[in-house]
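**Student:** This is the structure, below, for whatever I ask next.
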Amino acid sequence: MDRKQCCVKLSVQPSRGLMDEKFIILVQNVFPGFQLTLHALYKCDDGHSWEAFAHHAASAIGTVNVSEDPSLGGTYSGVEPMGLLWSLRPVPGSKPWLRMRKMNVRTPMVVTISVYPGHQTEGFLDQVSLAGVVVERWYMAPGVRRIPITEAGLTATLFLPPGPGPFPGLLDLWGGGAKLVEYRSALLASRGFASLALDYLTPKVTIETGKMVDNQYFERAYKVLEQHPQILSSRIAIIGLSLGTCITFKMAVYSQVAKLRCIVCINGSHVQPIDGSVEQILSFFNKNAEKNRFNNENQVICRDLLLPIPTDPSLKVDVGQLQCPLLLVVGEDDQNWPAHESAMDIKEMMERAGNSHLLTLLSYPNAGHLIEPPFTPFAKASAFRDISSRQMLVALWGGETAAHSRAQEDAWRKTLVFLRANLYAGANTDATSFSNL
């Protein structure tokens with residue numbers, strides 16, 4: 001090996017940052033035109049390993065800057081500064097249909113980025129790299145406080161930003177995957193919002209009694225935020241994904257308890273029995289189970305369950321009554337929910353009612369169902385346990401890797417702008433939004 005190749009320099013800046021921050025990867029001290037492969041390796045909390053790689057050719061001065069120089073092939077192509085994160089995929093031989101989710105937000109996502117000679121596609125761990133750097137990606141900024149909440153029969157975790165506050169509050173509702181999912185709330189707290197991640201499908205009370213929660217469960221969660229001394233009681237919002245959007249719409253329009261400043265709904269629908277509990281909403285969906293389709297890989301496509309969008313007013317939330325701003329995020333290739341059709345109906349209902357000025361619609365071609373915080377690795381399909389039948393299926397979420405990943409980045413940035421505009425404007429608070437760790 002040439003002496004110069006032995007002295008390859010690899011840097012990643014910042015090497016320690018929040019999950020939604022971009023980094024700059026720079027390779028130096030190689031020959032002009034030298035072909036190399038940049039490789040990212042991550043072992044997630046459940047023990048599965050993920051990798052991504054990109055082929056590059058060094059510039060005339062012997063460098064590769066991933067933020068400026070295109071990948072010529074690999075798990076992504078083109079100029080994509082964060083491609084080595086969002087194109088991560090299970091290493092060959094892994095269990096099929098995995099989805100990466102950070103379940104322990106108190107530890108970072110630790111990614112090893114390495115340089116290998118030539119344009120390679122496999123066998124990275126059997127070789128010695130030319131250079132390597134360890135990168136930390138955090139959901140929790142320094143000083144963010146994680147507080148388990150069990151009062152009022154809740155199973156939840158509250159994340160508070162650093163400092164005395166008071167802070168605007170968010171109720172964070174995920175979808176049908178169940179469990180307590182904390183990483184979005186942790187990142188929102190790192191950006192200055194007190195956020196309560198709520199488990200409403202598998203909370204302790206459901207496990208103990210066998211009964212699903214009622215609608216008052218969500219109002220009690222709202223009251224926990226409203227009554228907290230470090231939260232601004234008049235500046236509370238809800239962010240919901242998938243099934244979580246059903247709860248969000250219902251609370252925003254019909255709750256006599258929740259006085260919401262704004263709501264964010266990601267890839268869901270207003271279609272549901274408006275007087276129904278979570279259990280009744282799921283039963284309503286299951287009545288149309290024959291509309292589920294399977295593709296040639298035996299992946300279930302659920303988007304037809306709520307189609308056609310009903311005209312019966314008792315089967316969809318009257319968004320014409322909505323009195324707070326709504327940010328509606330849509331992946332146009334969502335194969336799990338009829339997000340696009342629902343959004344068009346919501347837009348029409350609000351225009352007819354005269355409150356469409358409250359609607360901000362973000363619609364992304366070739367983006368799928370799971371629009372998550374930026375640089376989250378893309379999953380077109382993954383294993384999923386049906387909450388009603390408890391049957392394990394492979395759900396097709398939809399989307400294309402690059403387009404979906406760009407949608408995640410754009411939607412997150414615009415979500416933060418929307419939340420700041422509606423929750424912080426005119427507020428007297430000491431909250432800070434953090435950049436680098």
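The values are calculated or read from the model by the stated rules, or taken from the named source; none is laboratory data. Fair warning: this is a prediction, and the values are worked out from it, not measured in the lab. Neighbour counts are summed over all protein chains in view; Cβ atoms, including those assigned to glycine, are modelled from backbone coordinates with ideal geometry. Please note that ligands, DNA and RNA were not included when accessible areas were found on the heavy atoms of the full protein model with its side chains. Shrake-Rupley method; radii C 1.70, N 1.55, O 1.52, S 1.80 Å.
**Student:** Among the numbered criteria (1) out of contact with any His (no Cβ under 9 Å at 6 or more places or on another chain); (2) open to solvent by less than 30 Å² (accessible area, probe 1.4 Å), which one does residue 406 miss?
**Tutor:** Unmet for residue 406, out of (1) out of contact with any His (no Cβ under 9 Å at 6 or more places or on another chain); (2) open to solvent by less than 30 Å² (accessible area, probe 1.4 Å): (2).
**Student:** For residue 361, all conditions in the list (1) touching a helix residue (DSSP H, G or I) at 6+ places or on another chain (Cβ under 9 Å); (2) closer than 30 Å to residue 213 by Cα; (3) aliphatic (A, V, I, L, M) hold save one; what is the number of the exception?
**Tutor:** Evaluating residue 361 over (1) touching a helix residue (DSSP H, G or I) at 6+ places or on another chain (Cβ under 9 Å); (2) closer than 30 Å to residue 213 by Cα; (3) aliphatic (A, V, I, L, M) leaves (2) as the failure.
**Student:** Moving on. Kindly establish whether residue 30 is more than 30 Å from residue 174 (Cα to Cα), at pLDDT 95 or above and either of a type in the set (D, E, K, R) or surrounded by 15 or more Cβ atoms within 10 Å (Cβ to Cβ) (or both).
**Tutor:** Against the criterion (more than 30 Å from residue 174 (Cα to Cα), at pLDDT 95 or above and either of a type in the set (D, E, K, R) or surrounded by 15 or more Cβ atoms within 10 Å (Cβ to Cβ) (or both)), residue 30 qualifies.
**Student:** Follow-up question, since we're still on this one. From the list 32, 81, exactly one residue is of a type outside the set (Asp, Glu) and farther than 24 Å from residue 367 by Cβ. Which is it?
**Tutor:** Exactly one of 32, 81 is of a type outside the set (Asp, Glu) and farther than 24 Å from residue 367 by Cβ, namely 32.
**Student:** Here's another thing I want to ask about it. Could you please let me know if residue 259 is part of a loop (DSSP other than H, G, I, E, B) and farther than 23 Å from residue 331 by Cβ?
**Tutor:** Criteria met by residue 259.
**Student:** Checking the structure you have, find out if any residue of the range 310-319 is buried (at least 22 other Cβ atoms within 10 Å of the Cβ) and not basic (Lys, Arg).
**Tutor:** Yes; the residues of the range 310-319 include at least one that is buried (at least 22 other Cβ atoms within 10 Å of the Cβ) and not basic (Lys, Arg).
**Student:** Same structure, new question: Would you check if there is a residue in the range 298-317 being over 24 Å from residue 368 (Cα atoms) and aliphatic (A, V, I, L, M)?
**Tutor:** Scanning the range 298-317, I find at least one residue that is over 24 Å from residue 368 (Cα atoms) and aliphatic (A, V, I, L, M), so the answer is yes.
**Student:** For the list (1) open to solvent by less than 30 Å² (accessible area, probe 1.4 Å); (2) under 20 Å from the mean Cα position of the chain (by Cα); (3) within 20 Å of residue 302 (Cα to Cα); (4) in contact (Cβ under 8 Å) with a residue 24 or more places away in the chain, I need the number of the one condition that residue 343 fails.
**Tutor:** Condition not satisfied by residue 343: (4).
Here's the yes/no breakdown for (1) charged (D, E, K, R); (2) more than 21 Å from residue 335 (Cα to Cα):
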{"residue": "220", "(1), (2)": "yes, yes"}
{"residue": "223", "(1), (2)": "yes, yes"}
{"residue": "235", "(1), (2)": "yes, yes"}
{"residue": "238", "(1), (2)": "no, yes"}
{"residue": "255", "(1), (2)": "no, yes"}
{"residue": "264", "(1), (2)": "no, no"}
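**Student:** Another one. With respect to residue 142, determine if the residue is over 22 Å from residue 109 (Cβ atoms), open to solvent by 10 Å² or more (accessible area, probe 1.4 Å) and part of a loop (DSSP other than H, G, I, E, B).
**Tutor:** no
**Student:** Go through the residues of the range 36-57 one by one and say whether even a single one is among the polar types (S, T, N, Q) and either at pLDDT below 95 or within 24 Å of the chain's Cα centre (by Cα) (or both).
**Tutor:** Yes: one or more hits.
**Student:** Kindly indicate the residue of the range 378-398 that is touching a Lys or Arg at 6+ places or on another chain (Cβ under 6 Å) and not in a loop (DSSP other than H, G, I, E, B) and also surrounded by the fewest Cβ atoms within 10 Å (Cβ to Cβ) among those meeting that condition.
**Tutor:** 392
**Student:** Just to verify a result, which residue in the range 288-309, among those that are in contact with a helix residue (DSSP H, G or I) (Cβ under 9 Å, 6 or more places away or on another chain) and assigned to a loop (DSSP other than H, G, I, E, B), is surrounded by the fewest Cβ atoms within 10 Å (Cβ to Cβ)?
**Tutor:** Only one residue fits best here, namely 308.
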